[in-house]
Every structure is written in C-alpha cells, then in structure tokens.
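The values are calculated or read from the model by the stated rules, or taken from the named source; none is laboratory data. Note that the coordinates shown come from a computational prediction; the quantities given were computed from them, not determined experimentally. Methodologically, a virtual Cβ is constructed for each residue, glycine included, from the backbone with ideal geometry; neighbour enumeration extends over all protein chains shown.
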Amino acid sequence: MNYQKNRSLILLFVISFWISSISAQVQDTIKILAIGNSFSEDATESYLSDLAKADGVKVIIGNMYIGGCRLETHWKNAEGNIAAYSYRKMMNGVKTVSEHQTLDHAIKDENWDYITFQQASGSSGIYETYFPYLTNLFQYVKDRATNKKVKYAFHQTWAYAMNSTHGEFINYNKDQGQMYRAIVASVNKASKKVGIDIIIPSGTAIQNGRSSSIGDNFNRDGYHLSFGIGRYTAACVWYEKLLGRQVIGNSFAPDNISKAEVSIAQHAAHLAILNPDSLTPMADPVPNVPVQKDKSFINK
C-alpha cells in the first residue's frame with residue numbers, strides 16, 4: 001500500500017512539474033498587439049522580432065493596420081464591428097497577413113500581454129483629436145481582452161522631417177521641434193486621462209537620433225521611417241520598453257545599416273527610455289550613457 005501510495009505521489013509530482021514547465025514556456029512568450037497604422041507598421045513589423053530572438057525571447061506581434069488610421073476611425077470600426085483591417089501577425093519569424101478583419105477578432109485571437117494605441121501622425125500633437133475616441137476605444141478593448149493581466153501602452157509617434165511635404169505639417173507651422181513637443185505633451189496628457197500607464201517613446205528616440213551625426217535622415221518620405229536606421233531605432237524602443245531588456249549590446253543588426261548606425265540607434269532608444277519627454281543630445285557616435293548590469297530592468 002505504501003509503495004503504491006508513494007508511486008502515485010511521485011507520478012503526481014512529475015505531472016505537476018511537467019505542467020508547470022509547459023506553463024512557464026507559454027508565459028515566456030510575450031504577446032503584443034498594436035492598434036495602429038503605417039507608423040506601427042514601421043515600428044513593429046521589420047526588426048522587433050529579430051531583436052527579441054537575438055536575446056532569447058519569444059514574441060508574438062500583431063498589428064491591426066489601416067494606413068493613416070485615426071483614433072476616430074478606430075473607434076467607428078470598433079463600434080460598428082467593421083472588418084476593415086489588415087491583421088499582420090508575426091510568429092516565430094513568420095509573418096502572415098489576414099485581410100478584412102475586425103478589432104474584436106484580433107483582441108480575442110491571443111492572450112495579449114500588451115495592447116497599444118496611437119493617433120494618426122498629423123493629429124498626434126493635437127490633444128482635442130484624441131477624445132472621446134480614445135476613451136471609448138480603450139473601454140472597448142478592456143471589455144474584450146482575454147488576459148486579465150494585460151498592460152496597455154500608447155505609442156508616441158515621431159515628428160516629421162524638417163523638409164517634409166506632408167499636408168498636415170502646417171498644423172505645426174512646418175516646425176519639427178514644435179511638432180515633437182506637441183506630440184509628447186498630447187500623448188502624456190491623453191494617456192493620463194484614460195489611465196494608460198506605459199508610453200513607448202519612439203518619437204523621442206527618433207529626435208535623439210536626429211541630433212547625432214546621422215542628422216535628419218531617419219525618414220524615407222518625410223514622415224514614414226527609413227527601412228534601415230529609422231525602423232531599427234523604433235523597434236529598439238519597443239523592444240526595450242515592452243520586453244524590459246536593455247537594447248544596447250543586442251547582437252541583432254539589419255544588413256542595411258553600419259555598426260556605427262546600429263550603436264546610434266540603440267543608444268537613441270535607450271536614452272528615450274531613460275528620458276522619454278525631451279531630447280537628449282547625441283553629439284558623439286556612441287554617447288556615454290548609464291548601462292544597467294542587469295538587462296531585465298524595465299516594467300518590473
């Protein structure tokens with residue numbers, strides 16, 4: 001009897017350990033859903049998965065994409081359950097695209113760890129354009145999120161290049177610095193109002209990088225990011241802010257940028273995490289910034 005009892009206890013222990021191991025493996029995968037547009041495409045679809053892979057982190061990234069989509073349109077699509085999105089999903093380095101999808105579908109598709117919001121670029125620095133749409137959209141997402149511990153974040157986008165011909169640049173007197181400061185102020189104020197605690201400072205990272213030897217060369221058309229250092233810098237910000245791991249020293253580098261540019265992008269992103277609300281000048285190719293010995297230090 002004792003032998004059978006001990007055998008049963010051992011078997012139960014083994015099964016419990018196996019289940020715990022499987023659960024830990026599942027929890028080791030960080031799942032991020034962006035409700036955005038081409039600016040979330042720039043930030044998440046090119047290099048974020050590679051940065052995570054290089055650091056041994058598994059990620060699933062979803063991007064609900066409509067080009068130029070504003071918070072007002074996102075809310076109208078949610079309210080009407082309109083299948084207007086291109087749902088881009090990155091898993092294990094493989095990207096799949098499903099057209100004509102609803103927000104409801106994407107929100108329930110995974111137990112997302114992070115769900116992010118953003119305003120369209122031209123309106124990002126105009127606080128009045130956020131409401132009531134962000135409030136309504138935020139509640140809609142909260143009501144449908146399947147992970148009770150999900151965290152919400154707002155993507156602080158970047159100001160246009162100084163020579164941008166974008167039609168909405170006039171909203172900021174075609175002044176990059178004015179646009180950047182307006183975006184920071186609007187994102188902070190709007191996020192605080194609805195209760196979003198995490199801000200992804202992509203705009204600050206790009207502005208940091210522009211103060212380096214790279215100059216105002218982070219865009220491919222005056223507003224979207226370049227396919228090299230621009231997108232890589234934004235991905236570095238998302239990586240460090242949401243994955244909680246320092247990006248400086250990450251071994252992944254795109255083939256289309258130099259070692260010096262990799263260093264500038266990583267430092268620009270790290271400095272943005274440390275100081276998200278204002279420019280940190282980067283006069284040197286490799287700034288002297290504090291580097292944490294423990295790489296897992298953010299959002300802990």
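Would segment 166-175 turn up any residue that is at pLDDT 95 or above and either of a type in the set (Gly, Ala, Ser) or within 27 Å of residue 54 (Cα to Cα) (or both)? Yes, segment 166-175 has at least one match. Tell me yes or no: at least one residue of segment 75-82 is in contact with a strand residue (DSSP E or B) (Cβ under 6 Å, 6 or more places away or on another chain), modelled with pLDDT of 95 or more and either of a type in the set (A, V, I, L, M) or not in a strand (DSSP E or B) (or both). Scanning segment 75-82 turns up no residue that is in contact with a strand residue (DSSP E or B) (Cβ under 6 Å, 6 or more places away or on another chain), modelled with pLDDT of 95 or more and either of a type in the set (A, V, I, L, M) or not in a strand (DSSP E or B) (or both). If the condition is being touching a residue at least 24 places away in the same chain (Cβ under 8 Å) and either in contact with a strand residue (DSSP E or B) (Cβ under 7 Å, 6 or more places away or on another chain) or assigned to a loop (DSSP other than H, G, I, E, B) (or both), then segment 93-106 contributes 93, 95, 101, 102, 103, 106.
Condition first: hydroxyl-bearing (Ser, Thr, Tyr) and crowded, with 21+ Cβ neighbours inside 10 Å. Now tell me which residues in segment 191-243 satisfy that.
Selection gives 191, 202, 204, 212, 223, 232, 233, 239.
Comparison of 197, 216 shows that the only residue that is in contact with a strand residue (DSSP E or B) (Cβ under 9 Å, 6 or more places away or on another chain) and either over 24 Å from residue 110 (Cβ atoms) or not hydrophobic (A, V, I, L, M, F, W, C) (or both) is 197. Please state which one of 272, 260, 283 is under 19 Å from residue 155 (Cβ atoms) and either part of a helix (DSSP H, G or I) or at pLDDT below 95 (or both). After applying the criteria, what remains is 272. Applying the condition of being of a type in the set (A, V, I, L, M, F, W, C), crowded, with 20+ Cβ neighbours inside 10 Å and closer than 13 Å to residue 86 by Cα to segment 34-74 and asking which residue is nearest to the chain's Cα centre (by Cα) yields 34. For segment 75-95, filtering for residues that are surrounded by fewer than 17 Cβ atoms within 10 Å (Cβ to Cβ), within 26 Å of residue 236 (Cβ to Cβ) and not charged (D, E, K, R) leaves 5. Among the residues examined, residue 161 does not qualify as more than 30 Å from residue 258 (Cα to Cα) and in contact with a Phe, Trp or Tyr (Cβ under 8 Å, 6 or more places away or on another chain). Of the residues screened, residue 110 is one that is more than 19 Å from residue 38 (Cβ to Cβ), touching a strand residue (DSSP E or B) at 6+ places or on another chain (Cβ under 7 Å) and of a type in the set (D, E, K, R).
All conditions in (1) of a type in the set (Gly, Ala, Ser); (2) in a strand (DSSP E or B); (3) more than 18 Å from residue 155 (Cα to Cα) hold for residue 62, with the sole exception of (3). Applying a threshold of 6 Å to beta carbon distances and a minimum spacing of six or more residues, or different chains, the list of pairs starting in segment 213-224 at a residue that is more than 10 Å from residue 42 (Cβ to Cβ) and among the β-branched types (Val, Ile, Thr) and ending at one that is at pLDDT 95 or above and surrounded by fewer than 21 Cβ atoms within 10 Å (Cβ to Cβ) is empty. For residue 160, the criteria (1) within 28 Å of residue 60 (Cα to Cα); (2) of a type outside the set (S, T, N, Q); (3) crowded, with 23+ Cβ neighbours inside 10 Å hold in every case but one, which is (1). The residue that is surrounded by the fewest Cβ atoms within 10 Å (Cβ to Cβ), counting only those in segment 96-127 that are charged (D, E, K, R) and either at pLDDT below 95 or under 21 Å from residue 142 (Cα atoms) (or both), is 108.
Checking each residue in segment 115-150 for being hydrophobic (A, V, I, L, M, F, W, C) and not in a loop (DSSP other than H, G, I, E, B) picks out 115, 117, 134, 137, 138, 141. For residue 248, the requirement of being modelled with pLDDT of 95 or more, farther than 16 Å from residue 43 by Cα and not in a helix (DSSP H, G or I) is met.
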